[in-house]
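Written out below as structure tokens is the structure these notes cover.
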Amino acid sequence: MADMLPLQAPTLVHAALPAVSGPRAAMARNIALTVAGSLLLVLAAKIKVPFWPVPMTLQTLAVLSLGAAYGSRLGAATVALYIAYGLAGLPVFTNTPPVAAGPLYLMGPTGGFLVGFILAAAVAGWAAARGASLTRLVVGLVTAEALMLGLGCLWLALGAQMAGGVTGVGFAKAFAFGVQPFLIGDALKVALAACFVGTGWSMLQRRG
């Protein structure tokens with residue numbers, strides 16, 4: 001993918017952008033990238049695409065792509081900033097509105113998936129670092145997706161605060177309603193993220 005790329009930047013986004021000198025300039029760029037990425041996540045959460053068996057948002061695709069392009073640390077920080085918007089009460093999550101944002105939102109059915117986004121972005125960033133093979137990229141993205149779904153399913157099964165004061169829905173229902181309907185769509189998102197990142201590194205290699 002980028003084995004012979006003559007660039008020192010370890011991440012796709014930093015390799016694509018002009019070099020900066022000094023820690024302050026680098027920090028300012030990272031802050032700008034984090035804010036821009038978090039706003040992209042807000043947009044992706046609100047876009048619903050008709051799909052079988054259930055409509056899907058572009059949020060998982062954005063998480064994987066941002067993590068892979070930004071790298072582990074910056075990708076995870078970007079997702080964490082996005083979640084912080086929701087914790088502050090801003091309606092940035094897929095179901096807000098009608099559900100109210102805020103700290104209690106993470107106690108609901110989707111809280112585990114949102115926290116899993118941070119881990120998924122970090123793993124995707126590791127998998128897509130400069131010099132990574134296509135195999136590592138794909139395996140890393142699949143692992144990131146599996147971790148996100150696993151955390152989401154675990155929380156939905158055991159800890160999610162449901163209507164009527166019920167805590168968790170059990171593993172069978174959590175998988176049936178929180179994982180299984182999304183497997184096909186999420187597999188497509190993994191493939192798209194791998195294509196985006198692989199193509200990006202290939203273009204930079206030809207340019208360099």
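Quick note: the coordinates plus some simple rules give every number you see, no bench work behind them. This is a predicted model, so every value here is computed, not measured. Here the Cβ positions follow ideal geometry from the backbone for every residue, glycine too, while neighbour counts run over all protein chains shown.
Okay, here's what the table says:
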read-out: Residue exposure sequence - 70, 85, 105 - by fewest surrounding Cβ within 10 Å; value: 85, 105, 70
read-out: Distant-in-sequence amide H partners of residue 57 (H built 1.01 Å from N, under 5 Å); value: 49
read-out: Mean-position separation - Cα centroids, the range 37-73 and the range 100-130, in angstrom; value: 11
read-out: Cβ-based charge dipole, the chain, positive-most Cα from 115, 203, 127; value: 203
read-out: Global geometry of the range 66-170, whether rounded, prolate or oblate, following the gyration tensor of its Cα atoms and the 1.5 cut on a/c; value: oblate
read-out: HN-Hα J in Hz across the range 27-35 - Karplus 6.51, -1.76, 1.60, θ = phi - 60°, x for Gly and Pro; value: 5, 4, 5, 5, 5, 4, 5, 5, 5
read-out: Extension gain (nm, one decimal) between residue 32 and residue 195, 0.36 nm per residue minus Cα-Cα; value: 56.2 nm
read-out: Highest-MSF residue in the chain out of 172, 15, 44 [GNM, Cα springs under 10 Å]; value: 172
read-out: The chain, helix-only ellipticity at 222 nm - DSSP H runs n ≥ 4, -39,500 (n - 2.57), divided by all residues, nearest 500; value: -21000 deg cm²/dmol
read-out: At R0 = 30 Å, FRET efficiency that the Cβ-Cβ distance of residue 20 and residue 180 yields, to 0.05; value: 0.10
read-out: Neighbourhood charge, 11 Å Cβ-Cβ cut-off, centred on residue 64 and excluding it, Lys, Arg +1 and Asp, Glu -1; value: -1
read-out: Net charge dipole size for the chain [Lys, Arg +1 and Asp, Glu -1 on Cβ; Debye, nearest 20]; value: 380
read-out: Anisotropy class of the range 116-184 from Cα gyration tensor, a/c 1.5 cut; value: prolate
read-out: 3J(HN,Hα) from dihedral phi, the range 180-190, Karplus parametrisation 6.51/-1.76/1.60, rounded to Hz, x for glycine, proline; value: 3, x, 9, 4, 5, x, 6, 5, 5, 5, 4
read-out: Sparsely packed trypsin sites (Lys or Arg not before Pro) within the range 70-169, loop by DSSP, other Cβ within 10 Å at most 10; value: none
